[in-house]
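K.L.:
Okay, here's the structure, questions in a sec.
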Amino acid sequence: MKLEHRSQKVASLPHFFYRVGRYGLYAFALIVLSLGIGVIGYHIIGQISWLDSFYMSSMILTGMGPVAEMPMQSTAAKLFSSFYALYSGVVFLSTSAVFFAPIIHRVLHILQVEDDV
């Protein structure tokens, strides 16, 4: 669905909540995909258990940083960890932008709609 133009009325509240939910699902899908990449990468390349891979990926994806107890031993693991950390920074910002886009659009649209008086 297209967003309403500034000359159109503000979308109804149920439509707005539908839009927020849809964008929330997109953001959630991006997080799940990114977490999956990290878990599989750390398990295969970093040679750590599935649970530790999930733990490490979750900590990096949320911006908390790598877990100190699990240093990467091989060059490939260190490279994967470095690129995954860079990727995670972009994903964190992108997910925030996707989630908040309909909310910011609604606020800006309300401020620009001309009242018919």
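K.L.:
If the Cβ limit is 6 Å and pairs must be 6+ apart or interchain, which residue in the range 83-94 that is small (Gly, Ala, Ser) pairs with which residue that is assigned to a helix (DSSP H, G or I) and surrounded by 15 or more Cβ atoms within 10 Å (Cβ to Cβ)?
P.N.:
That search, which allows pairs on different chains as well, returns Ala85/Ile60; Ser88/Ile60; Ser88/Leu61.
K.L.:
Next up: Does the range 78-95 include one or more residues that are modelled with pLDDT under 90 and either farther than 23 Å from Ala27 by Cα or of a type in the set (Ser, Thr, Tyr) (or both)?
P.N.:
No, the conditions are met nowhere in the range 78-95.
K.L.:
A further question on this structure: Any residue at all in the range 80-87 that's assigned to a helix (DSSP H, G or I) and touching a Leu at 6+ places or on another chain (Cβ under 7 Å)?
P.N.:
The answer is no, given that none of the residues of the range 80-87 is assigned to a helix (DSSP H, G or I) and touching a Leu at 6+ places or on another chain (Cβ under 7 Å).
K.L.:
Among the residues in the range 56-69, are any out of contact with any helix residue (DSSP H, G or I) (no Cβ under 6 Å at 6 or more places or on another chain), surrounded by fewer than 17 Cβ atoms within 10 Å (Cβ to Cβ) and assigned to a helix (DSSP H, G or I)?
P.N.:
Looking through the range 56-69, at least one residue is out of contact with any helix residue (DSSP H, G or I) (no Cβ under 6 Å at 6 or more places or on another chain), surrounded by fewer than 17 Cβ atoms within 10 Å (Cβ to Cβ) and assigned to a helix (DSSP H, G or I).
K.L.:
For the range 79-97, which residues satisfy the criterion of being surrounded by fewer than 17 Cβ atoms within 10 Å (Cβ to Cβ) and of a type in the set (A, V, I, L, M)?
P.N.:
Scanning the range 79-97 gives Leu79, Ala85, Leu86, Val90, Leu93, Ala97.
The values are calculated or read from the model by the stated rules, or taken from the named source; none is laboratory data. Just so we're clear, the structure is a prediction, and the values are computed from it rather than from any experiment. Note: ideal-geometry Cβ built from the backbone for every residue, glycine included; neighbour counts use all protein chains shown.
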